[in-house]
1. Based on the inverse mean of 1/r over its pairs of different Cα atoms, what is the Kirkwood hydrodynamic radius of region B:69-156, in Å?
2. Given the rule -39500 (n - 2.57) for each run of at least 4 DSSP H residues, summed and divided by the residues of the protein assembly as shown, what is its mean residue ellipticity at 222 nm, to the nearest 500 deg cm²/dmol?
3. Given H placed 1.01 Å from N in the peptide plane, which residues other than close sequence neighbours of A:VAL133 have an amide H under 5 Å from its amide H?
4. Give me the one-decimal nm value for the distance between modelled label points at A:THR139 and B:VAL19, 7 Å along each residue's Cα-to-Cβ direction.
5. What is the mean number of Cβ atoms from other protein chains located within 10 Å of the Cβ atom of each residue in peptide B:48-61, rounded to a whole number?
6. Return the ratio Rg/(2.2 N^0.38 Å) for chain A, where Rg is computed over Cα atoms only.
7. For B:LYS70, list the aspartates and glutamates whose Cα falls under 17 Å from its own Cα; do not include residues on the same chain fewer than 8 positions away.
8. Using the per-residue mean of other Cβ atoms lying within 10 Å as a proxy for protection, in what order, highest first, do the peptides B:146-159, A:108-121 fall?
Amino acid sequence: MRNLWQAEIYYLRKDLAFKSVTAVFALASLALVLILGSKGGYSLSSYAEPLQTAASFSILFYLVIPLHACFFATEGFEHGSVQNIIAAGHSKAKYFTGKYVLELLAVLGWLLEFYGLFYLFSLAAALITGAPVGHAGYTEDLAAGLTALGLNLLYLAAYCAAIMMLGMLIRKPASAVVAAFFFIFGNLLLSGYLKDASSAVLRAISEHSLMTQIFKFSGIYVENSQLILLSGTGDYIRALWIPAAWILLSLSITLTVLEKRDIQI
Amino acid sequence: MTATVFEAEGLSKEYPSGVALDQLCMSIEAGDVYGFVGENGAGKTTLMRIIGGLVHPTAGRMALFGEQSKERLASARRRIGFLIERPSLYPHMNAMENLGFYCRIFGIRDRGRGAEVLKLVGLDEAGPKKTGEYSLGMRQRLGIAVALLNRPEFLVLDEPVNGLDPAGIVEVRHILEHLSHEQGVTLLISSHILSELQLLAGKYGFIHQGRLIQEISAAELQQTAQVMICISTSSPAAAVAEMLRQELRRGDIRIKQTGEIELPRSGVDLERLMSLLVQREIPVDGFQLTAPNLEQYYMDLIGGGGR
């Protein structure tokens, strides 16, 4: 497994998609600080406020990272390297889990990059413009920011598991990207359109969709003109088991199918 | 005693569209250079994929270096170098970077190994050019370099000279000869360029519609295939052939599609044949002996020889 990881890390270091996503998050963190500051000023209610603000932009991760996961899952089939890797004695299960774990590490890196840069840029902007920085609600902001960071990691793990499953099953990058789009925007639709449906079943589907949970912990879920956040143990448990179920289901399907299917490039 | 590198017994692979391999039984001994001959879709690549663990056989068993269990087959595969169908290269990386990736896959720590194999395949001066800009021949050479990275004891090469220019074909042959003779590497090679395969292989397996229809050594090929005499003349070939049939009292003289007269070398007194042609004032434009030919042998075997 170590050899596989080293090789895949080497691949990522040379990968334009990986570099682009890293650049996108760096630029986005700077641009968002500037846009927010130009509208409402750079003053901060606490030193942890930028972390909480950054959480409200979580949706950005779900539009960009799953596409990278899709390309990363299919690149071996596109270029044929999966042939040489399996023929070198690595199992198909190791090949997939190696890629999945590495993608999660990349996700963690991107989250830390975005949150970290957003935080630094916000503080720097306040410092440069001489805007005041208060101490009100420091603990709450920090808790909300870190909770969103942790949950984003979990939900991105679920998204990556589902989309890498699609990539491994479909194998053709173009078709897999289309399927990934359907998954991402399908989730958005499930969350957005079905929440006001008259059918109880459809409302339940919307309530249990990944995107609804993401909106909730990001602090952007609005129902009947009311902002709804995660509150109470039940909400948090639901926010944990839904992505966990997606991860378990996606990984099980991928590993089972991958082991049975031949590799024909 | 010679060790068996690869052994298959009743190996079959069935797809919904048809049978790719049908009860294949074969073995390759250490040091063999095994030429695998067959038409497109005959099952050559399927067998190579099975050896590489890419395709699951539907029936039969296989052993690599005597190992049969799933785990041990995986470790046996680390002793094999593969080039199956097309080289698996990253177009956004140069040759050294591609080899760097595969060095990590194989767990090769020797930093000079990449440069070593590049030199071996004649790509040491490829420099920073991305492989996406490579010609087919250059890609093929780099594919061979990847297969050689882990110093394999057994090389499985599917059409290794595909896309190479004549000089490249000769170079690759020399590389493979060197690996076989100097380093004792066992080779399984498929190629449609049978004349090239004949120069390299010591044993041939003929596969047709998924079945291994014949195995033959190079020595046996020499014995079975006849040396033929080919005469080209500006006189009417039919009349000359008829004259030779009567004078030499042989019924096995035929006219090829090219208009040349062909007869087996065995039992023919060359001096008498030449004097016959001179006496009858038959102009001889060409006179040659053809060596035993793998191509002809194969065509005869699958029934397309036209002889």
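Just so it is clear, none of the values below were taken in a lab; they were calculated from the coordinates. This is a predicted model, so every value here is computed, not measured. Cβ atoms come from the backbone with ideal geometry, glycine included; neighbour counts cover every protein chain shown.
1. Working: mean 1/r = 0.0758 Å⁻¹.
For region B:69-156, the Kirkwood estimate is 13.2 Å.
2. Details: 22 runs with 323 residues, N = 572.
After summing the helix terms and dividing by the residues of the protein assembly as shown, the value is -18500 deg cm²/dmol.
3. Residues meeting the amide H criterion: A:LEU44.
4. Distance between the two pseudo-spin positions: 7.7 nm.
5. Working: counts 1, 7, 1, 1, 7, 9, 10, 4, 5, 0, 0, 0, 0, 0.
Whole-number average of other-chain Cβ neighbours for B:48-61 is 3.
6. That ratio works out to 1.09.
7. A:GLU259, A:ASP262, B:GLU7, B:GLU9
8. Working: B:146-159: 22.0, A:108-121: 18.4.
Peptide ranking by packing, descending: B:146-159, A:108-121.
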